[in-house]
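Q: One structure is given below, represented as structure tokens, and several questions about it will come after.
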Amino acid sequence: MIKNVTVIGAGLMGAGIAAHLTNAGTHVTLLDIPDNSSHNRNNLADQAVSKLMKLKPAAFTLPKNANLIKTGNIDDDLHLINSSDWVIEVIIEDLKLKKNLYEKIEKIMKDNLIISSNTSTIPLGKLTEGRDKKFKSNFFITHFFNPPRYLRLLEIVGSNNSDSKFKKDLIEFCDNKLGKSVIDCKDTPGFIGNRIGVFWMIVAAEKAIKMGLNVEEADTVISSVFGAPKTGIFGLLDLVGLDLMPHVMSSMTEHLDKNDEYNLYSKPPDIFDYMLENKLIGRKGIGGFYKLENVNGKKVKTSINLITKEFSESKKPSIQSTKLAKKNLNKFLEIKDKYSEYALSVVLEFISYTLNHAEQIANDLLSIDNAMKNGFGLASGPFELMDKLGKTWIKEKFLETNIKIPKILNNLPEEKFYKVEDQKLKYFDFISNKFVNLNRPNGIILLSDIKKIREPIQKISTASLWDLGDGVTVFEIHSRGNSIDMSTMQFLDKSIDTVSNSYKAMVIYNEGPMFSAGANVGEALFLGNIGLETELVDKIVEYGQKVYQKLKYSNFPVISAPSGMALGGGCELLLHSNFVQAHVESYIGLTEAALGICPAWGGCKELLSRFENNKNIPNGPMPAIMKAFQTIGLAKTSTSAPEAREIGFLRSEDGITMNKDRLLHDAKLVAINLIETYVKPEKLTYRLPGRTAFAALELGLKGMFDNGQISEHDKLIGHQIANILSGGETDMLNEVDEDHILKLESNSIQTLFKQPKSQERIEKLLETGKIIRN
Amino acid sequence: MQSYSAPLNDMKFIIEDFLNSGAADTLFKQNDIEIEDFNFILDESSKFCEEILLPLNQSGDKEGCTYENGKVKTPKGFKDAYKQFVESGWQGAALDQKYGGQGLPYIFNVFFDEMITSSNMGFGNYPGLTGNAFEAIKKSASDDLKDLYLPKLATGEWSGTMNLTEPQCGTDLGLSKAMANPQEDGSYKLTGTKIFITGGEQDLSENIIHLVLARTPNAPKGIKGISLFLVPKIIPNKDGSLGEENSLSCGSIEDKMGIKSSSTCVMHYNDAKAWLVGDLNKGMKAMFIMMNGARLMVGVQGLGMSEVSYQSALYYAKERLQGRSLKGAKKPEMSADPIIVHPDVRKTLLKMKSLNEGIRGLIAFTALQVDVAKYEKDKFKKQRADDWVALMTPIIKAYATDIGSESANLAVQMYGGHGFIKDHGVEQFVRDARIAQLYEGTNGIQALDLVGRKLPMHNGRLLRSFFHEVKEYIEENTFNYNLKEVIPHLMKSFGRLQQATAFIASKGLSDPEEGAGPATDYLRMFALTSLAYVWVKYIDISNRKMNDDPKGFYKAKIATGTFFLNKVLPETGALMSSIMSGASSYTKYEDDFFESSFS
Ligand SMILES: Cc1cc2nc3c(=O)[nH]c(=O)nc-3n(C[C@H](O)[C@H](O)[C@H](O)COP(=O)(O)OP(=O)(O)OC[C@H]3O[C@@H](n4cnc5c(N)ncnc54)[C@H](O)[C@@H]3O)c2cc1C
């Protein structure tokens, strides 16, 4: 078991890895070279930690994790490695320096210390040259991607000398504790991710320049054809940092075979040199292909003209055919306009490269697809991309463009690399040239796998109910933003009946980019706009309350398993679940106030009750009310699951899963454990101060308004939330039930929904994705 | 007989009673004009229509425009009429004072255009397009262009046209091929052929300013690569005097079904000197400013045609003696009773009358919103006015022109076989009114604009301007004793409209054909419900004016409104059934089936 880790090298990457280790609860020793210019010899490592605290997106899931890092320097503190179970070297990519360090480590290391390097390009064989047998057996490459907390790919490389138990321990730790998608790689330059991924980037960039696309056009095309993030290609280069490219490229060409296609791109495009000379290295510098400029006090996004090298305002290109790319890729690649021709040439070169080197770099095609998805954010890996296009089509295109047909393609007996047979997922094993079963490791269940082999129990266009076996079902929302509209709510209602009658538990889960953005406010706004407020109340607000109550008090356990955003009505779904198993990257909040409305599917009543029962909050009614008021009024949103627990959206007993792929399995285990002994929760009751509490909250609001902290409209929203949380017309002698507060929620949201400024907020959010303050 | 007296009573009722809320008041103040003056100008303009234009209507239709050697001759009398029109300053009545207009409220324009259309629709197109061109240039062009062109357009010395259509490019403007090449001096040289250009060439104004849609080299494909250009027939000098002729020509004119006195030209541009209006590739945006105004004005043409059809039918219904009243002879001294005694005839007349008065109110209210959007300072009120106009434009364009055509046909029906004979002049109405359903975007396209663009825009925010207005009115008046007979009609059709809207919005989301399919039915339902709202308000106002009603105007209003709510509005029920049964019965109809009866 790995419990303590030493990280050597406190640069951006080393510090990031250290931070993420603490997110897993690990104690970390962070060492760098001593800073002789400072009286503090640990200055470099200390500086790194304080930089970490300010990083955006945050490196720590909780700021206090920083306390788990102990800093030091390699001259004075190298011996500390022996109180660790694993030491990771993350110093600069210089073979000599690394070897020096290893030599020192070798001299003092204990027998069972695992050692790894985070090198991205230097082969393992070179690193361990001259080391003894013990060192070699304990040594691996563990290649993280930046930023280490967020990018899920981790490449591990061992050698013939590697100790298999150490390797197993390491993989298990990185997978379970760090939440990484770990790929066992061969010892080849750039491993899988960089080998294929950097090639993809350089091809996409060069061809865009050659074929006369501008940066926005190239980014749009790449993003839609490869399902890559919006950054596309040039945006991605900005993110990665253009300054890294020459190093990576030269190290690749240095270590790779002379015939490798990388050599075709060894001379970078002129504009790269120009940009490097002018420090246009990307987001970490003054900007890169895109740059923010100040125009009349406003920040304006500009982009570089790839030919004239001048910057001008960045304009979203209007390429209509990219819609086609998403619908029918083959067709798009055949329309032969400049976008499609560009895309086709990148696609062909990319897949040809992948196919030609697959065997050399990977054990199976799964690793390659995984690497590109988890390391570069592509929606589908190269083999999945090829399955979209079909073997015959690809071969035709290769013939047309005089690209030699790669061997693997000739060996593939069918149209696609993946298939379903006898209710089993299979993939083409390019070593045996046979289809083999795709078996997920223990502890991983993917809904996307289940979807390929099974029909849902029931489904509508925005949601489905799946049978997970053992009496456990999955309620999956798959609408846009996974928002919850009227028909989804009806479907949930119906699904509760189905589970109640024929199954034993419900897990609410999906594999989309977010758990749920909340209620479909667009639908509500539309109904409001056409004056159907009664329907809005009956079919959305009060019906939603009823269904969430029904969910909470059903005769089976409900386990929500969120990952990504769970906002507004999505958060309320969690609050009404009997148990939550959250992915560490869960961003949870009751964000209604930002939209000019208030939680009205029971969010107020649930949060209030949680705070009343929270031992960390002082007794008496006011502290709990105040805390709920702040949380809801300021629309607090957690930046991680641990923080959600601190805020109070998760209970102490709710679970956290580090690896997204393991989330469904973990939730299922919880469900199975709960089924036997499940009793539905007691109904909540409250004693609330009513008017006196309301007056106190109002006073606070007035103060904030007078200080200019909140707008007139914020005050109005606060006023409504204050009324709900103080209990309306009641007093401490009176016991009120959940329905009482639900009614208050409903009244308040009706009032707020009618406000033009609330409507304006919702409208702007829907149209621009931005929250406005008015 | 073509019989027409301008409906001034009704117009004044609209101004003084119907719109006499705060908004109309401030508007008149804004424009620095008293209601009395406004009424006076209205009287004067009506005289121009009745005395000068109406007499030229039938003769103009008979003679039509003629073409010879690139020149177009308008029918006899048109030149003089246009001269008078210009000299009396009518062209600039509602245009911006900054450029020589008189700055009357926009509402004047809609009333005046209605009267012009009723009197002589063919003539009306010439000045009508000038007004639209003025607005488009004012909104989008550079100051230099504005200073040079607007004053002359405001007087009517120069006229304007809009050039969108090409042989291969009608509804789908993205197909345009006309090409403008940039020149060193910042101008362009434009080449291409445009067809169906109203007023493309004529002998009325000394210069013609063409606004032309064209693409530039390397512009994006389709609608996003279209720009708008100003192309004068004669290139003016800097001081506004006329310079050399531009290289453009009229190749021929069309031989048409109706509006024969309005020239419809094929225009050839051959490296014609042109200037960009608005931003490059944003031609549609600039053109839409013009088209929205133009669409409203085409709706007004529909009303104008419906009004003159009604009046001509009424004239005949009182004159023509056939049969006897079922209740016993009304005019025993005559050989027979006038046909107006027959229930069906009365019903036909009332249908036309009640629709005309309702539509006039709806158009006037919308015209008021155009000005409110211009002058209002409060953000939300301004937005609401803008939203109302955007929402109502396709409804008014399509529904009012449908009614124009329908009324023209009813007028022919009223005349029996005589209606079919040219001398009576009513068959001309059928021919003239028909075009309004086609140009400025066919009525089918208007319905799609309503359902596909206006409905979903800002999650239904445009709808709010109408639905909340009506809902609040209903809520305020649920217990209004005076309205106890009429409010339920409005409530019923309003409820249907809400349901249909929610239905189409949710269906259309998952299947666009389900949204587009019922678009025309939906637009009609929307229009009828809007008219119901106008009528209920009319009745409400009239009820309160009954004590001071020497001419029985208000009594008549209530009676007309009662007819509308009971006899015309129920069509919404049928439309509702059709909408709610979905579109599959025709979208899923197999293509071959269309030929099953004859092949
Ligand atoms: C007398 C006259 C004067 C005119 N004046 C001018 C002028 O001054 N300037 C100018 O630019 N143009 C002018 N026009 C042209 C006029 O605006 C066009 O004729 C009109 O826009 C329709 O185009 P189209 O005739 O090509 O019909 P098409 O676009 O070919 O349409 C044919 C039919 O198909 C329907 N249709 C087309 N697309 C769709 C769709 N997507 N969904 C559903 N239905 C569809 C239409 O509603 C119509 O019923 C004039 C035309 C006439 C006859």
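The values are calculated or read from the model by the stated rules, or taken from the named source; none is laboratory data. Note that the structure is predicted; figures quoted are calculated from it, not measured. As a convention, Cβ positions derive from the backbone with ideal geometry for all residues, glycine included, and neighbour counts pool all protein chains shown. Keep in mind that these areas ignore ligands, DNA and RNA; they rest on the heavy atoms of the full protein, side chains included. Shrake-Rupley method; radii C 1.70, N 1.55, O 1.52, S 1.80 Å.
Q: Could you order B:VAL426, B:VAL372 so the one with the most accessible surface comes first? Probe is 1.4 Å.
A: From most accessible down to least: B:VAL372, B:VAL426.
Q: Could you please put A:ILE771, B:ILE223 in sequence from largest to smallest accessible area, using a 1.4 Å probe?
A: Working: A:ILE771 95, B:ILE223 70 Å².
The ranking, largest first, comes out as A:ILE771, B:ILE223.
Q: Please report how far the C-alpha centroid of region A:470-521 lies from that of region B:234-265, rounded to the nearest whole angstrom.
A: Cα centroid to Cα centroid, the span is 65 Å.
Q: How far apart, in nm, are the 7 Å Cα→Cβ label points at A:GLN709 and A:GLU414?
A: 6.2
Q: While we're here: Among A:GLY197, A:ASN214, A:TYR274, flag the residue with its Cα farthest along the positive direction of the charge dipole of region A:195-315, charges on Cβ as +1 for Lys/Arg and -1 for Asp/Glu.
A: Positive-most Cα among the choices belongs to A:ASN214.
Q: What does the charge count near B:ASP96 come to, summing +1 for each Lys or Arg and -1 for each Asp or Glu among other residues with Cβ under 11 Å from its Cβ?
A: Net charge around B:ASP96: +4.
Q: For region A:193-411, which whole percent of the accessible surface, found with a 1.4 angstrom probe, sits on carbon and sulfur atoms? If you can, show how the numbers build up before the last one.
A: Details: 5020 of 9920 Å².
The value for region A:193-411 is 51 percent carbon and sulfur by accessible area.
Q: Tell me the GluC sites (Glu not before Pro) within region B:1-61 that lie in a loop according to DSSP and have at most 14 other beta-carbon atoms within 10 Å. Please report the intermediate quantities before stating the final value.
A: Numbers: sites: B:GLU16, B:GLU34, B:GLU36, B:GLU44, B:GLU50, B:GLU51; in loops: B:GLU34.
Answer in residue order: B:GLU34.
Q: How many nm separate the modelled label positions at B:PHE553 and B:SER510, each set 7 Å beyond the Cα in the direction of the Cβ?
A: Computed distance between label sites B:PHE553 and B:SER510 equals 5.4 nm.
Q: For an R0 of 45 angstrom, estimate the FRET efficiency from the Cβ-Cβ distance between A:ASP111 and A:ASN294 and round to the nearest 0.05.
A: 0.15
Q: Towards the positive end of the charge dipole of region A:691-768, with charges on Cβ (+1 Lys, Arg; -1 Asp, Glu), say which of A:GLN709, A:GLY727, A:LEU699 has the farthest Cα.
A: After comparing all options, I get A:GLN709.
Q: Now for a different question. What pairs from A:LYS107/A:LYS186; A:LYS323/B:LYS221; B:LYS381/B:LYS471; A:LYS327/A:LYS668; B:LYS221/B:LYS273; B:LYS79/B:LYS374 go past 25 Å between their alpha carbons? Could the numbers behind the result be given before it?
A: On the way: A:LYS107/A:LYS186 28 Å; A:LYS323/B:LYS221 15 Å; B:LYS381/B:LYS471 17 Å; A:LYS327/A:LYS668 34 Å; B:LYS221/B:LYS273 23 Å; B:LYS79/B:LYS374 35 Å.
Table pairs above 25 Å Cα-Cα are A:LYS107/A:LYS186; A:LYS327/A:LYS668; B:LYS79/B:LYS374.
Q: Can you sort A:ASP238, A:ASP422 by 1.4 Å-probe accessible area, starting with the largest?
A: My answer, sorted largest first, is A:ASP422, A:ASP238.
Q: If you count only protein heavy atoms and use a 1.4 Å probe, how large is the accessible surface of B:ASP549, to the nearest 10 Å²?
A: Only protein atoms counted, so the area is about 30 Å².
Q: Okay, next question. What does the accessible area of A:VAL537 come to, in Å² to the nearest 10, when a probe of 1.4 Å is used?
A: Estimated to the nearest 10 Å², A:VAL537 gives 20 Å².
Q: Could you report the protein assembly as shown's accessible area per residue, 1.4 Å probe, as an integer in Å²? Walk me through the numbers on the way to the answer.
A: Values: 57790 Å² over 1373 residues.
Heavy-atom accessible area per residue stands at 42 Å².
Q: Moving on to the next point. Run down the lysines and flag those whose C-alpha is under 20 Å from the C-alpha of A:LYS550, throwing out any fewer than 8 positions away in its chain.
A: A:LYS459, A:LYS494, A:LYS504, A:LYS539, A:LYS605, A:LYS680, A:LYS683, A:LYS743
Q: Separate question: Report the accessible area of A:SER502, computed with a 1.4 Å probe over the heavy atoms of all protein chains in place, in Å² rounded to the nearest 10.
A: About 80 Å², rounded to the nearest 10.
Q: Test of the criteria: in region A:117-192, which GluC sites (Glu not before Pro) are in a DSSP loop and have at most 15 other Cβ atoms within 10 angstrom of their Cβ?
A: A:GLU129
Q: Now for a separate question. For region B:158-281, give the magnitude of the charge dipole about the Cα centre (Cβ charges: +1 Lys/Arg, -1 Asp/Glu; no others), in debye to the nearest 20.
A: It works out to roughly 440 debye.
Q: Which value, in debye to the nearest 20, describes the size of the charge dipole of chain A about its Cα centre when Lys and Arg Cβ atoms bear +1, Asp and Glu Cβ atoms bear -1, and nothing else is charged?
A: Magnitude of the dipole: close to 500 debye.
Q: Run down the aspartates and glutamates and flag those whose C-alpha is under 15 Å from the C-alpha of A:LYS104, throwing out any fewer than 8 positions away in its chain.
A: A:ASP32, A:ASP75, A:ASP76, A:ASP77, A:GLU89, A:GLU129, A:ASP132
Q: Let me ask something additional. Which loop GluC sites (Glu not before Pro) in region A:224-326, with loop taken from DSSP, have no more than 14 other Cβ atoms within 10 angstrom of their Cβ?
A: Of the GluC sites (Glu not before Pro), the ones in loops of region A:224-326 whose Cβ has at most 14 other Cβ atoms within 10 Å are A:GLU310.
Q: So what J values fall out for region B:412-417 if you push phi through Karplus, 6.51 cos²θ - 1.76 cosθ + 1.60 with θ = phi - 60°, rounded to Hz, Gly and Pro as x?
A: Once rounded to whole Hz, the list reads 4, 4, 4, 7, x, x.
Q: Next question. Could you give the distance between the Cα centres of region A:596-640 and region A:233-249, to the whole Å?
A: Spelled out, the Cα-based centre of one part sits 44 Å from the other.
Q: For region A:517-534, which residues drop by 30 square angstrom or more in accessible area between the chain on its own and all protein chains together (1.4 Å probe)?
A: A:PHE526, A:ASN529, A:ILE530, A:GLY531, A:LEU532, A:GLU533
Q: Which one of B:PRO343, B:PHE526, B:LEU150 has its Cα pushed farthest toward the positive end of the charge dipole of chain B, where Lys and Arg give +1 and Asp and Glu give -1 at the Cβ?
A: About the Cα centre, the residue reaching furthest to the positive side is B:PRO343.
Q: A further question follows. Which FRET efficiency value, to the nearest 0.05, do you get for B:LYS177 and A:LYS316 by plugging their Cβ-Cβ distance into 1/(1 + (r/R0)^6) with R0 = 30 Å?
A: FRET efficiency, B:LYS177 to A:LYS316: 0.65.
Q: Quick one: Cα centre-to-centre distance for region B:24-73 and region B:106-141, in angstrom?
A: 9
Q: In Å², rounded to the nearest 100, what is the total accessible surface buried by chains B and A against each other with a 1.4 Å probe?
A: Values: alone 26030 and 33480 Å², together 57790 Å².
Interface between B and A: roughly 1700 Å².
Q: Run the simple label-point estimate for A:THR498 and B:ALA329 please: 7 Å along Cα→C-beta, distance reported in nm.
A: About 8.0 nm separates the two model spin labels.
Q: Also, quick follow-up: Buried by at least 30 Å² relative to the chain on its own: which residues of region B:441-468 qualify, computing accessible area with a 1.4 Å probe on protein heavy atoms?
A: The answer is B:HIS458, B:ASN459, B:ARG464, B:HIS468 - residues whose exposure falls by at least 30 Å² when every protein chain is included.
Q: Work out the mean other chain Cβ neighbour count within 10 Å for the residues of B:498-506 and drop it here as an integer.
A: Partner Cβ neighbours, averaged per residue: 4.
Q: While we're here: Relative contact order (percent) for region A:691-768, with alpha-carbon contacts under 8 angstrom and 6 or more residues of separation?
A: So the answer I get is 29 percent.
Q: Quick one: longest stretch of chain B between exposed loop chymotrypsin sites (Phe, Trp or Tyr not before Pro), exposed meaning at most 13 other C-beta atoms within 10 Å and loop per DSSP?
A: B:1-478
Q: Let me know the charge dipole size of region A:691-768 about its Cα centre in debye, to the nearest 20, where only the beta-carbon of Lys, Arg (+1) and Asp, Glu (-1) is charged. Please list the in-between numbers first.
A: Numbers: 8 positive and 14 negative charges, 72 e Å.
Here the size comes out at about 340 debye.
Q: Take every DSSP beta bridge whose two residues both sit in the protein assembly as shown, then give the antiparallel share in percent to the nearest 5.
A: Of those bridges, close to 55 percent are antiparallel.
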